[in-house]
Amino acid sequence: MASRRSALRSDLRRAFLSPRFCGAALAIVALCFLSMSLERSAALGAGATQSVSYLFHFFVFQNTTLAIVAYSLGVAAYGHSFCADYRSRFVRFCVIRSSAGAYASSRVVAVALSTFAAVLLGYACAALLLGLQAPLTAAHEAVSFEFLFFGGVVQLPALAYLLLQMVAMSVACSFWAVFALYVSSVVPNVFVVYAAPVVAYWFTGLVSSLLGLPSFLRIGRLAEGLAVFPDAGLSLLYSVFLFIVLTALFGLLFCRSVRKRLGDG
């Protein structure tokens with residue numbers, strides 16, 4: 001137990017104090033502004049006022065291409081770390097100090113938490129920076145908006161909508177980072193690791209369409225906040241719960257794979 005706590009503290013320090021953590025957050029900020037750039041330029045040219053809520057809803061949260069890129073960027077926070085440790089043989093030192101099980105379990109927790117924090121920080125910073133130039137809601141918009149959000153058209157205050165959707169996207173990115181971590185234990189190649197979320201997202205989307213799976217089984221729809229259940233709150237909880245379960249599942253697979261590759265020593 002002591003070795004697991006020590007390994008976890010070490011992993012959390014490495015994850016949150018790494019320049020890659022800040023880099024992942026800054027990349028999310030840049031990605032958000034890039035996705036809104038054309039719309040903002042057109043609006044400024046026409047003298048129109050667009051709110052933070054409007055821009056994020058239509059050009060960040062509902063942008064499938066941006067979401068896929070965000071999944072790969074989330075890996076940069078710490079999801080690639082096993083590749084680095086394996087190639088440098090640092091993993092052997094870690095296992096000698098504790099065990100393969102302690103190393104693997106602490107790595108899963110650190111990857112999940114650091115990715116969630118980096119992505120959430122990136123979205124929040126982008127919203128705050130945009131808020132310096134645009135209102136949270138435009139003058140011609142209502143104080144509360146009706147959004148297609150987790151189960152249908154619901155009325156939410158703009159700030160609540162932004163926060164809930166940011167959390168949902170961050171949890172999704174956290175899952176894909178742990179998924180990439182598992183892939184790295186099978187194929188410890190950094191290029192494969194970064195490509196894994198993109199390929200898996202495309203593959204699951206293709207399979208879902210071919211099989212005609214319902215909305216609540218389509219991972220992409222859950223992350224984007226599209227219709228799942230009639231009740232918005234239930235759908236949000238379901239989405240977060242499902243991604244946490246999937247994160248735990250691939251975390252266990254990673255632990256098993258690491259034990260098999262390195263032994264229990």
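The values are calculated or read from the model by the stated rules, or taken from the named source; none is laboratory data. As the structure is a prediction and not an experimental result, all values here were calculated from the model. A quick note on method: Cβ atoms are made from the backbone with ideal geometry, for glycine too, and the neighbour counts reach across all protein chains shown.
Residues are listed down the side, and each one gets a yes or a no for (1) of a type in the set (V, I, T); (2) free of Cβ contacts under 8 Å to residues at least 12 places away in the same chain:
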residue: A25; (1), (2): no, no
residue: A42; (1), (2): no, yes
residue: L66; (1), (2): no, no
residue: Y71; (1), (2): no, no
residue: G79; (1), (2): no, no
residue: V91; (1), (2): yes, no
residue: R97; (1), (2): no, no
residue: A102; (1), (2): no, no
residue: A110; (1), (2): no, no
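Entry remark, segment 37-49: residues being among the hydroxyl-bearing types (S, T, Y) and modelled with pLDDT under 80 number 2 in total.
Filtering segment 167-185 to residues that are more than 8 Å from the chain's Cα centre (by Cα) and aromatic (F, W, Y) leaves F179, Y182. When Q50 is tested against (1) in a helix (DSSP H, G or I); (2) closer than 26 Å to A124 by Cβ, just one condition goes unmet, and that condition is (1). Looking at segment 23-36, can you tell me whether even one residue there is modelled with pLDDT under 90, more than 13 Å from the chain's Cα centre (by Cα) and surrounded by fewer than 17 Cβ atoms within 10 Å (Cβ to Cβ)? No, segment 23-36 contains no residue that is modelled with pLDDT under 90, more than 13 Å from the chain's Cα centre (by Cα) and surrounded by fewer than 17 Cβ atoms within 10 Å (Cβ to Cβ).
Each residue in segment 77-99 was checked for being surrounded by 20 or more Cβ atoms within 10 Å (Cβ to Cβ) and part of a helix (DSSP H, G or I), and 9 pass.
If you scan segment 173-198, which residues turn out to be crowded, with 23+ Cβ neighbours inside 10 Å and either closer than 16 Å to S105 by Cα or of a type in the set (V, I, T) (or both)? Of everything in segment 173-198, those that are crowded, with 23+ Cβ neighbours inside 10 Å and either closer than 16 Å to S105 by Cα or of a type in the set (V, I, T) (or both) turn out to be S174, F175, A177, V178, F179, A180, L181, Y182, V183, S184, S185, V193. Here T115 passes the criteria (1) at pLDDT 85 or above; (2) touching a helix residue (DSSP H, G or I) at 6+ places or on another chain (Cβ under 6 Å); (3) closer than 14 Å to V258 by Cβ except the one numbered (3). Across segment 212-224, a minimum of one residue is classified as modelled with pLDDT under 85, loosely packed, with under 14 Cβ neighbours inside 10 Å and assigned to a helix (DSSP H, G or I). For segment 162-172, filtered to residues that are free of Cβ contacts under 8 Å to residues at least 60 places away in the same chain and surrounded by fewer than 24 Cβ atoms within 10 Å (Cβ to Cβ), the residue that is farthest from G220 (Cα to Cα) is L163. Residues in segment 225-249 that are surrounded by fewer than 21 Cβ atoms within 10 Å (Cβ to Cβ) and of a type outside the set (A, V, I, L, M) were compared, and the one that is modelled with the highest pLDDT is F241.
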